[in-house]
Amino acid sequence: MPNVIAIDGPAGSGKSSVSLALARRLGYLFVDTGAFYRAITWLALQRQIDPHNSARVAALARQAHLDMHPRPSADPPYTFLADGQDITAQLHTPEVDAYVSVVAANADVRAAILDAQRQLAKRGRVIMAGRDIGSVVLPNADLKIYIDATLDERARRRYRQRLAEGKAADLEAIREGLRARDQLDSSRDVAPLTRLPDAVYLDTSHMSLEEAVEAAYRIVTSHDCADNARA
Ligand code: DC
């Protein structure tokens, strides 16, 4: 079985839900790296630092003490601490959503948190999800999976999720927000979201969550780690 699994893909592809369900099934640790960028974004907004001010945001990322504690059965499956404060509930607010791509495009921010992500992977039996896990954070991962879905389908999923949470939702606005984030995440200079040739491609557009998890599970259990060693 692959010990370290890297999962990348765009927002709303099902990457986090699939990774979490897969981690529970395998008894692996799930690390959602987007939470690091969200934490720094939240800290910047909290301290009234303009997210576009790259030098100040990078200084903040270097100073902040960020800690992710797994809580596999909780939702989200971790507690996230920034300088000792539990900010888990703050990470998915619309304000953070609006600025996180700008913060994630900051090369110095990415450099500041790289080591923390690699340290988490050293525990082994880990599934790490994000945008640059296979390309930058864990280029030697035993298995890389790229999870994808069409923009329309990803927008519909987010829309249904918001309605299920009892929140107001506008399908067109969600679609436009995802399109803008895709554009920023894939076109930035540093660690852009890319589909790597050595990643197994999983298109979940026509799959339920259960079907996507099953497909990912089959990819993991049929993977021959020797392939990576030969590549
Ligand atoms: O997966 P998410 O929606 O929580 O990610 C939040 C933002 O962080 C998104 O703009 C992509 C970015 N991100 C990244 O650049 N690299 C990662 N490894 C994870 C997330």
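Quick look at the numbers
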item	result
Projected area, mean over directions - the chain, Cα convex hull, nm²	12.0
3J(HN,Hα) from dihedral phi, region 203-216, Karplus parametrisation 6.51/-1.76/1.60, rounded to Hz, x for glycine, proline	9, 9, 3, 10, 10, 6, 4, 4, 5, 5, 5, 4, 5, 5
Residues listed by number, region 94-131, amide nitrogen under 16 Å from Cys225 label point at 7 Å toward C-beta	121-128
Separation of the His92 and Lys122 label points, Cα + 7 Å toward Cβ, nm	3.1
Label-point gap, in nm, between Asp203 and Ala164 - each point 7 angstrom along Cα→Cβ	2.4
Region 93-198: C-alpha gyration tensor shape, a/c 1.5 cut-off, then a/b vs b/c	prolate
Region 145-153 - phi-based ³J(HN,Hα) in whole Hz, Karplus 6.51/-1.76/1.60, Gly and Pro as x	10, 10, 9, 9, 6, 5, 4, 4, 5
Rough spin-label spacing in nm, given labels placed 7 Å along Cα→Cβ, for Val190 and Ala173	3.1
Spatially proximal lysines relative to Lys15 (Cα-Cα < 16 Å; intrachain offsets below 8 disregarded)	Lys144
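Throughout, read-outs are computed from the coordinates displayed, never taken from laboratory work. Predicted model, so just to flag it, every value in this text is computed and none were measured. Ideal geometry is used to build each Cβ from the backbone, glycine not excepted, and the neighbour counts take in all protein chains shown.
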